[in-house]
Structures are given as structure tokens and as C-alpha cells.
1. Which pairs turn up if I take residues in the stretch A:40-52 that are in the same structural domain as A:S24 (by TED's automatic domain parsing) and under 12 Å from A:V23 (Cα atoms) and look for partners that are outside any helix (DSSP H, G or I) and small (G, A, S) with beta carbon separation below 8 Å, at least 6 apart in sequence or on another chain?
2. Just checking, how many residues over the stretch B:78-106 are of a type in the set (F, W, Y) and out of contact with any helix residue (DSSP H, G or I) (no Cβ under 9 Å at 6 or more places or on another chain)?
3. From the residues in the stretch A:236-254 that are over 11 Å from A:I280 (Cβ atoms) and buried (at least 24 other Cβ atoms within 10 Å of the Cβ), which one is farthest from the other protein chains (Cβ to nearest Cβ)?
4. Can you name the residue in the stretch A:256-294 that is touching a strand residue (DSSP E or B) at 6+ places or on another chain (Cβ under 6 Å) and either within 10 Å of chain B (Cβ to nearest Cβ) or part of a loop (DSSP other than H, G, I, E, B) (or both) and, of all such residues, is nearest to A:G234 (Cα to Cα)?
5. Taking the conditions exactly as written (more than 28 Å from B:A165 (Cβ to Cβ), over 30 Å from the mean Cα position of the chain (by Cα) and away from chain A (no Cβ under 14 Å)), does B:I189 satisfy them or not?
6. Look through A:A65, A:A98, A:A61, A:A41 and report the one residue that is within 30 Å of the chain's Cα centre (by Cα) and more than 30 Å from B:N284 (Cα to Cα).
7. With (1) without any contact (Cβ under 8 Å) to a residue 24 or more places away in the chain; (2) outside the structural domain of B:L184 (by TED's automatic domain parsing) as the list, and B:A340 as the residue in question, which single condition is left unmet?
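The values are calculated or read from the model by the stated rules, or taken from the named source; none is laboratory data. None of these values were measured; they are calculated from a predicted model. Virtual Cβ from ideal backbone geometry, glycine too; neighbours counted across all protein chains shown.
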There are 2 protein chains.
Amino acid sequence: MPNDDVQTTGKVTIFDVAEASGVSYGTVSRVINNDPHVRPATRARVMDAIQRLGYVINRQAQSLARGQTHVIGVLVPELGNGYIGEIMRGIDGELDQAGYDLMLFTTHRRAAKEANYVASLVQGVVEGLLLVLPRNPADYLGVLSARKFPHVLIDHQGIDTTSPAVGATNWQGAFVATEYLIGLGHRRIGFITGSMDLGCAQDRLEGYKAALRAHHLPICPELIYEGDFFQHAGVQGANALLDLPEPPSAIFASNDVMAMGAMDAVRHRGLRVPDDISIIGFDNIPQSAVLLPPLTTVQQPLEQMGRVATQMLFDMLQEPGKRTSRIELPTELIVRQSTAPYRNRIG
Amino acid sequence: MPNDDVQTTGKVTIFDVAEASGVSYGTVSRVINNDPHVRPATRARVMDAIQRLGYVINRQAQSLARGQTHVIGVLVPELGNGYIGEIMRGIDGELDQAGYDLMLFTTHRRAAKEANYVASLVQGVVEGLLLVLPRNPADYLGVLSARKFPHVLIDHQGIDTTSPAVGATNWQGAFVATEYLIGLGHRRIGFITGSMDLGCAQDRLEGYKAALRAHHLPICPELIYEGDFFQHAGVQGANALLDLPEPPSAIFASNDVMAMGAMDAVRHRGLRVPDDISIIGFDNIPQSAVLLPPLTTVQQPLEQMGRVATQMLFDMLQEPGKRTSRIELPTELIVRQSTAPYRNRIG
DNA sequence: GTGAAAGCGCTAACAG
DNA sequence: CTGTTAGCGCTTTCAC
């Protein structure tokens, strides 16, 4: 066998470097870790050897020896949805600052398998876990808590658990938005819900109802359409609402994506937004600002939620005892041009 | 110090299990790895101990000993964009089947730091790398190739490198789409480009021009608006095009997001799609099917690109020598309702 | 079948 | 300042 070092590409170890630079094992380690107790000349010699040999540290071994990986795991239900993307942006940014790496898991993956796959999979490689919008976390939350594995939920809402979590004030956001519509003179306000298995969707509906109640307006079941957070539901919801004998003059969709669907449906019927129908969304995804008309919506501090959750996780990592609680970040009404004062419909 | 085993949560090792079940060190390892050379009774005893102690394998140590991590890295420019989400879905699915985990890196992170951070960061923890839509890969592609580090580019296009890659037939897609518009009778066709620093954007523009040429139609510079793949560019592009003394009767946007922007702009001017202006996009993102009207577009097999790239990477992992080439997956024209035969404008 | 022992590549005392 | 030496937790020959 002539050259069997083809396989060995990059297989330069700390030992090779030591040999090449004529120092010992541990000294190379010191150089690598910027230990100040190394004579400049020695350091230079080692650095040189590192360059020449193309040595690169083996994180795997380092992690094992040190007992920490500097990797945190993020569990998301799915990718490609702008909503989660925003949260991820926050997580990513925070992780970057701290020099941590990110391991991504999708819920659907292996969802069928053992409930504690999260814990077992993660053990040893991930120092902590961020759970984004968990759907049925009952499966693994127990394991996580029992093992005292550091983790925090993001946008959980309404899940009965003691796990630390960060969410947004969905109830208040919906309340304020509804109140704004009422202030504009609207009396019949349609509502398109999100997936009702999600706490945030429930909270938004409750906020809407509470605002109606607060202003002594009736809560009409026919004005509440059950959606699922997808655009299609916005289209169908708006159509259903507009087909009512006594249609609403404003529609509040539980998220921007459905609001966009509703806007399309409204226009498709030859009605105008906001002249004929006011529309308001929830989330304030980037796109909603560039629609025509720009969408009035309730901003959810998505990126910030990601940041805060990550910081909380770091806190837990540093002080295992510290009981970090659940926090809710404020939502904010963003008034743009898809809403207008109530006036009688021409028809 | 009363109980100091709080820190030790989950710190059960293979050694503890061995002791508890009265077997040796290595036997436990055999059980864990489903080695058939273990007497059922022994296996049962070990399994029991594992259960009782709540032992969970340390992937870190396993990886070090085995010399493989079962983790592959994915480098993306950004999250939260539906386009990348689709690709990720494909990657994720394929990885799942193979039992691999996914480490996510964003380009912006540490982008400023050393060019070979990719290689160094990745060494030892990631077995291979998937580079999605790399913008200026010149920085690290060299290192990757030099080290023969397994990697494949996704939707690279026009980057002069020998790295294996998978893309889509952008040129052909644009050609076919333009030809379709011409077949509909359109003669002045506006074009909104993508970020021209991306190969795919260039290819699409060239495909458009080629189709025009093939049908002996003039290529008018004023009909080509330089966009950037974002919605806003679609709005501005459409406005610029429609403000022309001799506006186009159809607009071809280099991606669906800009096509959506263009649709909004057209409608905002009181014109109708497709009656007054035909609009065609590129990508076929999920949303484009639920627009009103549904968008005619060129489908890019995004998810499949992710799948194929991942498979290519696995091939490389198994046969390091094997020279996998660059492949292009076919695009396909999806005709929906945003395009219609040409007719003279009323105005 | 099962035990013993030699690493995987690195860190972290502990001497000197 | 630098060399030496135990491990980190697991895999994997090699014997018995």
C-alpha cells in the first residue's frame, strides 16, 4: 500500500503538532487555549507548526474532556414559516454572541418514536434546549423537568407546566386591537381564530371577546370563524363572514397570514380595504408592511422572544438552582392603512 | 456537604451500569450497540440496570471513540425565508431517514471572522457540509476543497468552483415562461430581476432574453428592472414598468415574492390581473397557489434539491473517492390564473 | 459469551 | 514556563 494517508486528511492531532514543534503535548494545548503561561517564542514555534500542518482542533474531544459542548438544541415544529424564522433569528443572534452553536431538531422527525427521544438524543451533546411553539410537549416535558435538563419554552401559552417559558401578551394584544376597531365605530367585528389547540390562539380569542364585553357589545358566535393560521383559512373565513345576512364591517384575523388571505377574499368580491371592510392582523411579519394597503396589526416581539429565551437558558446553565420564571413580552398595536372608521356600506 | 449529586443529574455512565448489573464494562457497550453476542439473560440484566439508573448514552464520547459524529452541518444565509425553508425541509427529511442530526450555521454569523472558520469550526463535529445559496463562498470553498472536506452546494449557480452542487434549470425555466407569455400574444414583456450577484438571477435574465431573441422580439433595456428578490422590488419594479410611455402587457418577476409585490402594485393602480396585465413569477412557493388570482409561475423543486444534495453528500461520505458532479433539477411551468392572452388595453 | 485493556484527541491538575 | 500524567465515556480488538 503506497500512500494510505489519503484517509487521514486533516487527521493532524495535538500530538503531531507537539512533535513538529519540539514541545510537549500539554504545551500545545496551552497555546490553543490562549493560556498566558507560555513563552512567546514557544508560542510562536507552536503556532508555526499548527499552520504548517494545518492542524485544527477536534471539538469533539475537547468537549468530552471539558465536559461541555457549547451547543444548544432548538426544537421547532417546522421550518420555512416566517414566524418561526423571526424567533430563530433572535436565538441565532444571541447564541452567536455567546459563541454557542445550534443544533436543530424538527418535531415531526421521530415524533412517533419514544417520547423521551428528546432527552436521550440530546444527552451529552446539547447543553440546553429551546422549544419553539411546542404542540404536544407533554410527551417530553416531563422527562426534561425530571432530569432537570435546562430548557425553556417559546410561545407555549396555556400549557400547564412549570417549565420556564417566554411568550407574548396575546390576550392584551387582541384586546387592544379589538378596542381600536370599536373606537373606529365598528360594531360587528368578525374574528378568524388560529389553531385552537394552541394557547396563543385561545388567548387571542379571549382578548377579542373581553374587549367586546368591556364595551357592552354582544359576542355573536356567527362572527367567529375557526381558522388554523394558514392563508387559506383567511380566505374562507372572510368569505364565510361576508356571506352572513348581516356581515361585519371589520375583520380581525388571528395572524397576518390569514389577514392577507382575508384581504384577498375581500377584494375578490369587489370590496375595498379599508373603505368597505377594515382588516387587522396579528404578528406583524415583515411582509405585512409592504402590502397594499399596509396591514394594521398587533406586533409580536418574535425576535426578542428568541433572544430573551436564549438568555434565560444561559442563566439556567450558569446557575442551575436559579428558578427562572415564565415571562410575557408586550405586544403592540401597529396602526397602518387596512383599517378605517366605520361607515355604512354603499350596498 | 450533604448531597452533591445534584450536579450529577444524568451523569450515569456505562461504568455505573456495569457495576449495577454485575457485568463488565464492555458488555454493557455490547448491549447498547445491539451486539448479538450477548446472552439474553445478561442482556436483560443490563437493560434493567439501564432503566433503573436512567442511563443515557453520551453521544459525545461515542463519537470520539467511533470517529464519527452523525452530524452534518447546514450553512444558510438566513432563516425565515420560505424559499430556504423548503430546501431545509428536504434536507431535514433525508437526514432523518439516515439517522443524522443537523447543525445549523448562518452565514452572517462570524462572517467577518477568519475565512476558514467554516473548516475549523466544523472539523471534528460535522461530517459533511451543505451550503445553501452561498453568496461569496470563495472565502471558504477553497479550504473545503483543499481539505477534501465533504460538502455540496445548493442553488449556487454561476459560481466557478469544482465543488459538487445541485441547482435548478433557471435558464430553461425563464425561457419557457417567457415563451409562454409570447405564445399568449404578449409582445412587450417587463422583467424584474433578482439580486444580480446571484447566478440564478443571472440565468433567469438570460433565459428571458434568449426567449425574446428566439422569437425575434427586441430586448428593450427599459423593460428590464433590476430588483433584489424582495417584495418591495416587485412593487417598485411594476410601478416603474407601468410608468413607461409604452408599458408592458405582461410582467415576469424573477421570484414569486416580487411577483406578489407586482400584483399589488398593479391593482393599486386600478388595473386588473390578468385582464389588464399578466404576471408570472418564479419558485412556486406555497403561498403563490392561494393568491387571488393564483399565480402562474415556474416551479423550482426546492425540497427535492435539498433531498438530492443530502444524498450526494452521503454518497461522498461513503465513497470519498467518488467524484460526484454538479446536477441541475428541472423547473416546470405552472400555469394558473395570473396570466391571460394579450389584448389591447382600454386606455 | 464475556472480561481486560488500549486508545479516540484533548484538558487539567500537579510537579518541577 | 513546560513536561507528565490522569482521566472524559465509550468502542473495539484480543484473549479466555
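1. Between residues of the stretch A:40-52 that are in the same structural domain as A:S24 (by TED's automatic domain parsing) and under 12 Å from A:V23 (Cα atoms) and residues that are outside any helix (DSSP H, G or I) and small (G, A, S), the close pairs are A:R45/A:G22.
2. Matching residues across the stretch B:78-106 total 0.
3. So the residue we want is A:L241.
4. It comes out as A:M263.
5. Judged against the criteria, B:I189 is not a match.
6. Just a single option satisfies the conditions, and that option is A:A98.
7. Unmet condition: (1).
For (1) within 17 Å of B:R336 (Cα to Cα); (2) at pLDDT below 95, each residue gets a yes or a no:
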| position | (1), (2) |
| --- | --- |
| B:F229 | no, yes |
| B:A240 | no, no |
| B:D243 | no, no |
| B:F252 | yes, no |
| B:R267 | no, yes |
| B:R272 | yes, yes |
